Amino acid sequence: MTFDVSKVRADFPILQRQVNGKPLVYLDSAASAQKPRAVISAMTQAMETSYANVHRGIHTLANETTEAYEKARENVGRLINAPSVGEVVFTKGATEAINLVASSFGQALQAGDEIIVSEMEHHANIVPWHFLRERKGVALRFIPVTDAGELDLAAYRALLGPKTRMVAVSHMSNVLGTINPVAEIIADAHAAGALTLIDGAQAVVHSQVDVQALDADFYAFSGHKLYGPTGIGVLYGKADQLARLPPYQGGGEMIGVVTKDLITYADPPHRFEAGTPPILEAIGLSAAIEWLGTVDRAAGAAHEHAVYERVKQGLNGANWITEIGQAPGKGAIFSFAMEGAHAHDIAQILDRYGVAVRAGTHCAEPLMRRFGLTSSARASFALYNSLEEADSLVEALHKTRTFFS
């Protein structure tokens, strides 16, 4: 397959609109990607023609919806090469997936046990571990980030020790675009007797993830960054590790037997899917994965990087822009600071020209402090972004500069 950005763009209705009288240039996909027509149609069709609760009824609509819901689990399993669909747990997002592991795994932890995270983590992969620090006396250890935006692996190995219980790191930074060597990180953690959780919310969008090749114990990601709907996420867990975890929430579906005197629990993945699950959202995610299967992933990643490079070339010599994170082989994310300008002001002015970027701390305050920043602006690129849109960003940035010079 080859990559045709115009064909991809035609699948996204929202890209036809204008913002402030200008064609929309949407460069905030790292926060949440736009949705192809296939996703919109799949969810609409499910609501209009065949909707019921899953795993409960025996009537036709219940059976049809259950089949669609479980097909979504199969599609997720194929996407990440999970050995079994029983290792795919649906959550409401990557954040809940990480909280699930931290809460359930954390029940067995004791004061003095150690969790290793990194300075580049999203808050979703920091705060749940802080809960264990506050409530159980667990110690958090942070892998430092170099000036180039890479993890200091020598420092990481020095942090590993007999008290290390979990290493939780991002596969790809949502701010720097850095793609971490997670297979190596996982191998080192296992050698030290620790488990691993990988936040793949960004990486699964831009690369082909193979959880078996990585040997990850747990891998988490969201649907809404993967061109699917909000309200749906995935926790992959090795079968033996999921079997050891106690339930995260109680309710329907996650039980075996309930009496007045005792309770038994369902096997994974249903043990971790209490109550009515995100049915329509799972169907939407399934459609997103199937749509993604029509795209040459390698060619798409090369295109995204070409858009990123076009921006870099267009800003060559602009000494009033500082890129944050320049790790070799980084993903298509351009985070930056502009001399004399606050990120929020930059984003508001860019919006006048129809260009949508992110501004703030990007839910990564420790990383911002590491680089001596209170905020930054971020342009993140997706399959539907064109070289012409890269040029539009560069032009808009030059215009924005005049407000502060």
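State whether one or more residues within region 286-301 are within 21 Å of ALA38 (Cα to Cα), surrounded by 15 or more Cβ atoms within 10 Å (Cβ to Cβ), among the β-branched types (Val, Ile, Thr) and modelled with pLDDT of 95 or more.
yes
Within region 295-320, which residues are over 24 Å from LEU226 (Cα atoms) and out of contact with any helix residue (DSSP H, G or I) (no Cβ under 7 Å at 6 or more places or on another chain)?
Scanning region 295-320 gives LYS312, GLN313, ASN316, GLY317, ALA318, ASN319.
Just wondering, is there one or more residues in region 1-19 that are of a type in the set (Asp, Glu), modelled with pLDDT of 95 or more, in contact with a Gly (Cβ under 9 Å, 6 or more places away or on another chain) and buried (at least 19 other Cβ atoms within 10 Å of the Cβ)?
Within region 1-19, not a single residue is of a type in the set (Asp, Glu), modelled with pLDDT of 95 or more, in contact with a Gly (Cβ under 9 Å, 6 or more places away or on another chain) and buried (at least 19 other Cβ atoms within 10 Å of the Cβ).
Can you pull out every residue in region 42-63 that is surrounded by fewer than 16 Cβ atoms within 10 Å (Cβ to Cβ) and in a helix (DSSP H, G or I)?
Within region 42-63, THR44, GLN45, MET47, GLU48, THR49, THR60, LEU61, ASN63 qualify.
Sort through GLU96, GLU67, GLU74 and tell me the only one that's modelled with pLDDT of 95 or more, loosely packed, with under 14 Cβ neighbours inside 10 Å, in a helix (DSSP H, G or I) and not assigned by TED's automatic domain parsing to the domain that holds HIS362.
Selected residue: GLU67, the only one of GLU96, GLU67, GLU74 that is modelled with pLDDT of 95 or more, loosely packed, with under 14 Cβ neighbours inside 10 Å, in a helix (DSSP H, G or I) and not assigned by TED's automatic domain parsing to the domain that holds HIS362.
Being over 30 Å from ASP11 (Cβ atoms) and out of contact with any strand residue (DSSP E or B) (no Cβ under 6 Å at 6 or more places or on another chain) is true for just one of ALA341, ALA288. Which residue is that?
On inspection, the qualifying residue turns out to be ALA341.
Go through region 331-375 and report how many residues are of a type outside the set (A, V, I, L, M, F, W, C) and over 27 Å from PRO128 (Cα atoms).
Going through region 331-375 one residue at a time, the tally reaches 10.
Looking at region 1-55, which of its residues are farther than 30 Å from ALA343 by Cα, without any contact (Cβ under 8 Å) to a residue 24 or more places away in the chain and either in contact with a strand residue (DSSP E or B) (Cβ under 6 Å, 6 or more places away or on another chain) or not small (Gly, Ala, Ser) (or both)?
ASP4, LYS7, THR44, GLN45, GLU48, THR49, listed by residue number.
I want to confirm something. Restricting to region 253-299 and keeping residues that are part of a loop (DSSP other than H, G, I, E, B) and closer than 21 Å to TYR51 by Cβ, which single residue is farthest from the chain's Cα centre (by Cα)?
GLU253
Condition check ((1) under 23 Å from GLU87 (Cβ atoms); (2) polar (S, T, N, Q)) across all residues:
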site: ALA154; (1), (2): no, no
site: VAL169; (1), (2): yes, no
site: ASN174; (1), (2): no, yes
site: PRO181; (1), (2): no, no
site: PHE218; (1), (2): yes, no
site: GLN241; (1), (2): yes, yes
site: PRO246; (1), (2): yes, no
site: VAL258; (1), (2): no, no
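The values are calculated or read from the model by the stated rules, or taken from the named source; none is laboratory data. Note that the coordinates shown come from a computational prediction; the quantities given were computed from them, not determined experimentally. Glycine also receives a Cβ, built like all others from the backbone with ideal geometry; neighbour counts cover every protein chain displayed.
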